[in-house]
Amino acid sequence: MAGYAPQANVRLLYPRVMLTDVDAHLKIINTALISHMKPDQSNSEKLTYENQHMNGKTRLICPHCNTINQLPNARLGDNPTCAQCKNPLMQGSPTAVNSESLSRHIQHTTVPVLVDFWAPWCGPCKSFAPIYVNFARKAEPNLRLLKIDTEANQVAAGKFTIRSIPTLVLFNEGKEVARISGALSEVQLGQWVEQQLNG
Ligand SMILES: [Zn+2]
């Protein structure tokens, strides 16, 4: 049947994936989206990632006072608090940032950083918000989840060339790894992030 031809093509491109598996379908869809939307590396390259030899240490920006905190990796899952303001370094929820603090997080954080570029007038952004909150609860502290209002922070929207919202951009070691636009389900979001970080 002619209708099966596209699947045959996908099978050739992704020979290890069983197409009867719904999750695999989602992965293929996501992979197709990613390959279609190559990140603009020129923006990330403007940020200089300060990666000294961390020697088993993690560096995080405090969501409350923006102080750079450094702690042993082993303490990451131990609800670490800020050396400066004593508030939790990870909140289990997305941290709202502005253009300036966004760059600071990307530049100094040693765990991968996921950013939701959204705007108050955007319907899909609003429906995605609780999904993102739920995901943060599960993904932190292994991932730092940020959200930025592109209307209030047009500098950041321009700097990262955000053309549609919601757009999720994943950074690792100061560099953009991947981006995807449109609201995702929590399952899709988890699979997408895992795929980008683990190849
Ligand atoms: Zn603090």
Please find, among 136, 129, the residue that is outside any strand (DSSP E or B) and crowded, with 20+ Cβ neighbours inside 10 Å.
-> 136
Just one of (1) more than 19 Å from residue 184 (Cβ to Cβ); (2) among the β-branched types (Val, Ile, Thr); (3) more than 16 Å from the ligand (Cβ to nearest atom); (4) surrounded by 15 or more Cβ atoms within 10 Å (Cβ to Cβ) trips up residue 155, so point out which.
-> (4)
Of the conditions (1) touching a strand residue (DSSP E or B) at 6+ places or on another chain (Cβ under 8 Å); (2) part of a loop (DSSP other than H, G, I, E, B), residue 183 clears all except one; give me its number.
-> (1)
Where residue 110 falls short, out of the listed (1) part of a helix (DSSP H, G or I); (2) touching a residue at least 60 places away in the same chain (Cβ under 8 Å); (3) under 21 Å from residue 90 (Cβ atoms) = (1)
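Determine whether residue 176 is at pLDDT below 95 and surrounded by 15 or more Cβ atoms within 10 Å (Cβ to Cβ). Before the answer, list the steps.
Details: at pLDDT below 95: no; surrounded by 15 or more Cβ atoms within 10 Å (Cβ to Cβ): yes.
Considered against the rule, which asks whether it is at pLDDT below 95 and surrounded by 15 or more Cβ atoms within 10 Å (Cβ to Cβ), residue 176 comes out as no.
Looking at 82, 122 in this structure, which one is in contact (Cβ under 8 Å) with a residue 12 or more places away in the chain, over 18 Å from residue 193 (Cα atoms) and within 16 Å of the ligand (Cβ to nearest atom)?
82
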Among (1) within 16 Å of the ligand (Cβ to nearest atom); (2) free of Cβ contacts under 8 Å to residues at least 60 places away in the same chain, where does residue 139 come up short?
-> (1)
Provide a single number: the residues in segment 142-151 that are without any contact (Cβ under 8 Å) to a residue 60 or more places away in the chain and part of a strand (DSSP E or B).
-> 5
Scan segment 82-105 and give yes if some residue there is of a type in the set (A, V, I, L, M, F, W, C) and touching a Phe, Trp or Tyr at 6+ places or on another chain (Cβ under 9 Å), otherwise no.
-> yes
Hits in segment 118-138 (condition: closer than 22 Å to residue 106 by Cβ and touching a helix residue (DSSP H, G or I) at 6+ places or on another chain (Cβ under 7 Å)) | 118, 119, 135
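Please go through segment 61-79 and give me each residue that is outside any strand (DSSP E or B) and either near the ligand (Cβ under 6 Å from one of its atoms) or surrounded by fewer than 16 Cβ atoms within 10 Å (Cβ to Cβ) (or both), ordered by number. Steps first, answer last, please.
Of segment 61-79, the ones outside any strand (DSSP E or B) are 62-67, 73-79.
Within segment 61-79, 62, 64, 65, 67, 73, 74, 75, 77, 78, 79 meet the criteria.
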Residue 165, sole failed condition from (1) over 23 Å from residue 69 (Cα atoms); (2) in contact (Cβ under 8 Å) with a residue 24 or more places away in the chain; (3) not in a loop (DSSP other than H, G, I, E, B) = (3)
The number of residues in segment 99-119 that are touching an Asp or Glu at 6+ places or on another chain (Cβ under 9 Å) and more than 16 Å from the ligand (Cβ to nearest atom) is 8
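The values are calculated or read from the model by the stated rules, or taken from the named source; none is laboratory data. Values in this document were obtained by computation on a predicted structure and should not be read as measured data. A quick note on method: Cβ atoms are made from the backbone with ideal geometry, for glycine too, and the neighbour counts reach across all protein chains shown.
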